[in-house]
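Asker: Quick one: the structure is below, and I'll ask about it shortly.
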Amino acid sequence: MDEHQHLTIVSKSDAQTEDIATSIGSKLVGNEVIELVADLGGGKTTFTRGLARGIGSSDHVSSPSFTISNEYKGKKLELIHFDFYRLNEAGSIENALIEFLNKPGSVVVVEWADIIKQLLPSKRLSIGFRVIDDQSRELKLSYPKSLNYLVEGL
């Protein structure tokens, strides 16, 4: 079993949160899973915007709260952003999630993952966001050693 590493970063602004995510996004190679854990307004969409920028996407990034999922095309990768906030059960979206988890060249970002937690691989980057004030967030990253390359230099 791959032992998990932990890293805590304090971001002082939305721009800094996005820059942290852009750094991680620029290191993605495909088939990674990123779990974002935060309350509403915690910074998940801002972080995803940075990930998309990091893979070279110029697509407009928005919260998929109502659409359940959004896809962003990068230069070499595709970022699929799932939000299970409004669902009591995964239903048919579970099949789409499984398909993307196994699709080469894709990166899956998941918010409100409780109802599909059993489907997520243990080899994932999990980021918990804690609101400090209007702009500042504490980001707690947890990841297996095999994903060290994503956080190098942060």
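The values are calculated or read from the model by the stated rules, or taken from the named source; none is laboratory data. Please read all numbers here as calculations on a predicted model, not as lab measurements. Using ideal geometry, Cβ is built from the backbone for each residue, glycine included, and neighbour counts are taken over all protein chains shown.
Asker: Here's a check for you: in the range 106-122, which residue that is of a type outside the set (G, A, S) and surrounded by fewer than 14 Cβ atoms within 10 Å (Cβ to Cβ) is farthest from T48 (Cα to Cα)?
Answerer: The selected residue is Q118.
Asker: Which one of these is within 23 Å of K145 (Cβ to Cβ) and either modelled with pLDDT of 90 or more or not in a helix (DSSP H, G or I) (or both): L79, L28, L40?
Answerer: Working: L79 fails: within 23 Å of K145 (Cβ to Cβ); L40 fails: within 23 Å of K145 (Cβ to Cβ).
On inspection, the qualifying residue turns out to be L28.
Asker: Which of (1) within 22 Å of E3 (Cβ to Cβ); (2) at pLDDT below 95; (3) among the hydroxyl-bearing types (S, T, Y) is the odd one out, the single condition T67 does not satisfy?
Answerer: Exception for T67: condition (1).
Asker: Do the conditions hold for K123, that is, is it of a type outside the set (A, V, I, L, M) and in a loop (DSSP other than H, G, I, E, B)? Talk me through it step by step, then tell me what you get.
Answerer: On the way: of a type outside the set (A, V, I, L, M): yes; in a loop (DSSP other than H, G, I, E, B): yes.
Yes, satisfied.
Asker: So S142 ticks every box in (1) outside any helix (DSSP H, G or I); (2) in contact with a helix residue (DSSP H, G or I) (Cβ under 8 Å, 6 or more places away or on another chain); (3) surrounded by 14 or more Cβ atoms within 10 Å (Cβ to Cβ) but one. Which box is left unticked?
Answerer: (2)
Asker: Right, here's the next one. Only residues that are in contact with a Phe, Trp or Tyr (Cβ under 9 Å, 6 or more places away or on another chain) and modelled with pLDDT of 90 or more: list them for the range 90-106, please.
Answerer: S106
Asker: OK, next. Assess whether V61 counts as being modelled with pLDDT of 85 or more, in a loop (DSSP other than H, G, I, E, B), touching a Ser or Thr at 6+ places or on another chain (Cβ under 6 Å) and not basic (K, R).
Answerer: It is true that V61 is modelled with pLDDT of 85 or more, in a loop (DSSP other than H, G, I, E, B), touching a Ser or Thr at 6+ places or on another chain (Cβ under 6 Å) and not basic (K, R).
Asker: May I ask you to list the residues in the range 41-56 that are out of contact with any helix residue (DSSP H, G or I) (no Cβ under 6 Å at 6 or more places or on another chain), touching a residue at least 40 places away in the same chain (Cβ under 8 Å) and on the phi < 0 side of the Ramachandran plot?
Answerer: Passing the criteria: G42, K44, T48.
Asker: May I pose another question? Would you mind stating whether L150 is assigned to a helix (DSSP H, G or I) and hydrophobic (A, V, I, L, M, F, W, C)?
Answerer: Considered against the rule, which asks whether it is assigned to a helix (DSSP H, G or I) and hydrophobic (A, V, I, L, M, F, W, C), L150 comes out as yes.
Asker: Could you check, for the range 1-18, whether at least one of its residues is at pLDDT 95 or above, exposed (fewer than 15 other Cβ atoms within 10 Å of the Cβ) and in a loop (DSSP other than H, G, I, E, B)?
Answerer: Within the range 1-18 (the criterion being at pLDDT 95 or above, exposed (fewer than 15 other Cβ atoms within 10 Å of the Cβ) and in a loop (DSSP other than H, G, I, E, B)), the answer is yes, since at least one residue qualifies.
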